[in-house]
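Have a look at the structure below, then the notes.
The values are calculated or read from the model by the stated rules, or taken from the named source; none is laboratory data. All values reported here derive from a predicted model rather than from experimental measurement. Neighbour counts are summed over all protein chains in view; Cβ atoms, including those assigned to glycine, are modelled from backbone coordinates with ideal geometry. Side chains are part of the model used for accessible areas, which takes the heavy atoms of the whole protein and leaves out ligands, DNA and RNA. Shrake-Rupley method; radii C 1.70, N 1.55, O 1.52, S 1.80 Å.
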Amino acid sequence: MLSGERKEGGSPRFGKLHLPVGLWINSPRKQLAKLGRRWPSAASVKSSSSDTGSRSSEPLPPPPPHVELRRVGAVKAAGGASGSRAKRISQLFRGSGTGATGSGGAGGPGTTGAAQRWASEKKLPDLAAGVAPELPLAARATAPPGVLKIFGAGLASGANYKSVLATARSTARELVAEALERYGLAGSPGSGPGESCCVDAFALCDALGRPATGSIGNGEWRAEHLRVLGDSERPLLVQELWRARPGWARRFELRGREEARRLEQEAFGASDSEGTGPALWRPQKNRSRAASGGAALASPGPGLGSGTPAGSTGKERSENLSLRRSVSELSLQGRRRRQQERRQQALSMAPGAADAQIGPADPGDFDQLTQCLIQAPSNRPYFLLLQGYQDAQDFVVYVMTREQHVFGRGGNSSARSGSPAPYVDTFLNAPDILPRHCTVRAGPEPPAMVRPSRGAPVTHNGCLLLREAELHPGDLLGLGEHFLFMYKDPRTGGSGPARPPWLPARPGATPPGPGWAFSCRLCGRGLQERGEALAAYLDGREPVLRFRPREEEALLGEIVRAAAAGAGDLPPLGPATLLALCVQHSARELELGHLPRLLGRLARLIKEAVWEKIKEIGDRQPENHPEGVPEVPLTPEAVSVELRPLMLWMANTTELLSFVQEKVLEMEKEADQEGLSSDPQLCNDLELCDEAMALLDEVIMCTFQQSVYYLTKTLYSTLPALLDSNPFTAGAELPGPGAELEAMPPGLRPTLGVFQAALELTSQCELHPDLVSQTFGYLFFFSNASLLNSLMERGQGRPFYQWSRAVQIRTNLDLVLDWLQGAGLGDIATEFFRKLSMAVNLLCVPRTSLLKASWSSLRTDHPTLTPAQLHHLLSHYQLGPGRGPPPAWDPLPTERDAVDTGDIFESFSSHPPLILPLGSSRLRLTGPVTDDSLHCELRRLRRLLWDLEQQELPANHRHGPPVVTLP
C-alpha cells in the first residue's frame, strides 16, 4: 500500500517517490552524478542513529598524493561503448573482491571492489563538478571499524544484545561466528568442524520494526519486516545504505537459518497475496545486494571471502552478469520498453508538446516525469493532497490501509502517566497538527465518518467541523492551517454525488437578478433559494433545533418557563423532548466542551423551577393559612390538580436523565476509542456531567417525595373507614371484581378515590412505569402500616377484637384488593397489604378453633406477625365475659424477651427505597414530529432564535422570517 510504503521505506527519497529501486539501476543513459544524487552515500549519512549500531565518527583519511583523480567525462570517454558503461556500474556496486590474497576488481591493480565502492559513495555531486577521489588499498585498509549490536532474539537469557567489532570487509558469516562465541554457543575459532556446523545453523537478519517504548535496547521490540543477509554480504556497508524513517527502527538479529527463511517467505507471500504490488522490503533487499554484495554475487559459496584477481576479463563479465541477474530479480527487464513509452507519454502531455519536436532530453527529466506518473489505488479509499506544509516531505496520495484512519503528528509515550503514544496512520508535521488530530472511519458501505479530536482545527467543505460528520467522495477535508485533502473512494464505482457539494450549483450561469450579490459564494444558493430553505426549516416537522452558544441561555430559559407555566397544549413529555433536542444539537454540532456546560445550566434551571412550584403548593395548604380561616379537607380532585406540575416535572426529568446518560456514555466510548480516557479535559467534562445528572436525580427525588406526601396526607383521613364501615348495609349487594368506583360501598369510596386519582395522574403525565409502580408501592406501604397501627391501638381500650368485627374488616379489605386488581395493581397491593391481611385473618378464625390452637401453631400459621404483635392480638381477644386467654397462648420462654421488648406498631421509616429506572429513554427524536402542539411549540422556538439572531444585525440588514409560497 502507499501508506505502508511510506512507513516502511528506508531512504527518504525512495520512500517518497514510490518507485521500485530497480529503476535507479536500469534507467537508460544514467549518468554517474545523477545516480549519486538518488542513492545516499555511506559517507554522507550521519551515524547519530542507534538503530543498528554506531559507526566511528572519525573522518576518513585524505587520499595520498599518488592517488589519480579522473574527471567523469574522461571516464565516460575511456569507456566507449555500452559494455564499458556496464563495467562502470559493476565497479560502482561491487563489494570487496579480495580476501587474504586479494587484489581488486575492475578498478585496476592494487584496488579492491570495496575500495571502489567507497570511492563511488563519496560526495557524488563533487564528482559531477569535475573530480572523483579514489582510495588506494592502503587507505582502504585504514578505514575505521564499527561496532554492531547483534540481538540474540531469545538465544540467551539475561542478554538483550552483544556488541561485535566489524570492519568494512567483515562478512555476515564472520559476524555470526563472533556473535555465537559472545553468546557462548560456539567454541573458539580453532575448535574444529563443530563450529562450522553451528555457524551454518544460524543467519544474520536485517530487521525493520517498531520499538514499543524507549530505545531499541530498553524497549519492547516488534519486528515487522525481515531480510536474511547472505553469508558474504558486508553488514557494516549494508547499514549505511539507508536509514529508517521516524517511528521505525532497524537492527541486526541472529536467528536460526530455517526460522529466518520461513519468516522471510511468509512476509513476501503476504505481500503478494494482497495484490498491492511488490513489498517495500523486497526491493530494499535487492538494493542492498546490488550496493554491498558485489563480492557476494561473484563468490562461489559461503565461507569463501576472496574473489578473483583483477584484470580477468571473463571474471568481470561474470560479475556484470551477476549484477544484471540481481536487477532481473525485480522483474524490471521486461518493463524497459513500457517505461520508455510512459516517458514519451508524459512528455506528450506537456504544454506545447504537440507542436514541438521531442529531441534528446536529459535522463533526469525522464526520471522526474516517470516519478510523477502515480496511479491511485482502485480498491481502497484514499486522500489526495491539495495543499501541504512541506513539499519535500508531503506525499500526493495517502491511502487508508485500515477501516479507521488517524491523522496526527504522533508523539512520545508519557513516562509519567505510563500511557502509550497515540497510534497514527498518517503523520503530518505542521506545527498546528495535534498528536491525534482527526479520525476517519470508512466501512464497507458509504458514507465514511470523520470525527475531529478535541481542540483540533478541522474543516469540512470549508465549514468548521466540531463533531462527527459524514464524509462523501469529493469532499474537502482541511486539517489545521496548512493541509487540505480531497477524499476519494474508488469502491463506490461512481455512485457518489455527481458534483462536489462545495462547487457552485450553476457554474458559469448568468446571475439570476440582484439577489446574486447577497448569495453565499460557497454553496451557490441565491437569495430566494436560501429563503426557501430557511422557511422550510422554520416550519418543518424534522426534530431539529439549531442554535448558537450565545442563544443557549435564552432558549433553555424559554423552554423551562413555558413548561412551568403550563403555557400551550404541549404533550406530557413535550418539555423533555425540546430539551433533548438542545442536548442532541450540542452533542452533534457544537464543540466537545459545550455539552457539559449546557447540562449544568439545564439542570439548574429545572431545579429552580421545581423549587418554586413546591413552594407555591406548600403556601396553599390549609395549615399555612392565617389564623381564623377554617381548614378545608383535601379532596382527591384538589390533590390531583396541585400535584400535576410536580408529576409532569418528575416524568420529564426522568426521561431527560436517561437521554443524558446515553450521551455521556457515548462521550466516554469515543474517548476510549481515541485513547483519551486519561485526558484531564475529558475528566473535567465528565465531572461536570456527573454534577448535572446529580441535580436531575435530586429533582426526581424531591418531586417523588412531595407527590407521595400529599397523597398519603389525603389517605390518612380516609383509611379509618376500612376498619369502621360495615359493607353489609341493608339492601346492598357486594360488587364483583372490576366494579366501578360508584358501585363500591360508601365507606371505601374515599380511599379508592385517592388511588384512582393517583392512577389517572400518573397516566396523564406519562410517568415511567417503574416510577408508577414505586409510587403505588409507597402508597400501599403507608396504608398497610397506618391500618395495622390503628388496629393495634383500638384493641387496647375497648372490646374490638371480635369475630364479627373482623369479618367486616376482612370484607372491606377484599373489596379494595379486588378493585386494585382490576386497575392493574393487584400484585403490588397483595405484597404490601400482607401483614394487615395476616392480622385480620387471625381475628377471623372461629372461636372454637382458636381455643384449640397453641402458641407454636399460631406462630407457624402467621409468620409475618412479630411475637409482640401476635401476643397483643391474642391477649386482647374477646372470648366472652370473664374469660381470659388460655395457657396454650402463652409465649415460649425463648420468645418472652421479644414479647416484652418488641414494638407492636409498624415503623413508617422502613419504606422501600426509590430506584431510578434503567434503560433507554422513551423520547422519540427520529422521524417527523406528528404531534401538532409540539410542532407548534417547535416553530415558535425556531422563530424566537431567528429574532434573536436578527437583533444582533444592523437595522438595515434585518429581515423578517421568510414565508413559503405554496405552488
Residues in segment 231-266 that a label on Asp200 would reach, taking backbone N under 14 Å of a point 7 Å out along Cα→Cβ: 257-258
Using a Förster distance of 25 Å, the FRET efficiency for Asp672-Arg402 (Cβ separation, nearest 0.05): 0.90
Surface per residue (accessible, 1.4 Å probe) for segment 528-609, Å²: 42 Å²
From phi via Karplus (6.51, -1.76, 1.60), per-residue ³J(HN,Hα) for segment 814-825 in Hz, x at Gly/Pro: 5, 5, 5, 5, 5, 5, 5, 5, x, 7, x, 10
Length gained when the stretch Arg210-Ser909 is fully extended (0.36 nm per residue, less Cα-Cα span): 245.2 nm
Area accessible to solvent at Arg943, 1.4 Å probe radius, in Å²: 60 Å²
Listed residue pairs exceeding 29 Å between alpha carbons, taken from Lys713/Lys835; Lys613/Lys835; Lys607/Lys713; Lys615/Lys713: Lys613/Lys835
Arg491 - accessible surface, heavy atoms, 1.4 Å probe, Å² rounded to 10: 100 Å²
Carbon plus sulfur fraction of accessible area for segment 813-952, probe 1.4 Å, in percent: 54 percent
Potential extension, Gln878-Ser933 segment - 0.36 nm per residue separation minus Cα distance: 13.4 nm
Efficiency of FRET from Cβ geometry, Arg620 and Gln802, R₀ 60 Å, rounded to 0.05: 0.90
Amide proton proximity set for Cys438, modelled H, under 5 Å, gap of 5+: Phe407, Ser453
Length released on extending from Thr901 to Glu589, taking residue separation times 0.36 nm less the Cα-Cα span: 105.7 nm
Area accessible to solvent at Thr635, 1.4 Å probe radius, in Å²: 60 Å²
In nm, spacing of pseudo-spin labels at Leu851 and Asn726 (7 Å Cα→C-beta vector): 2.6 nm
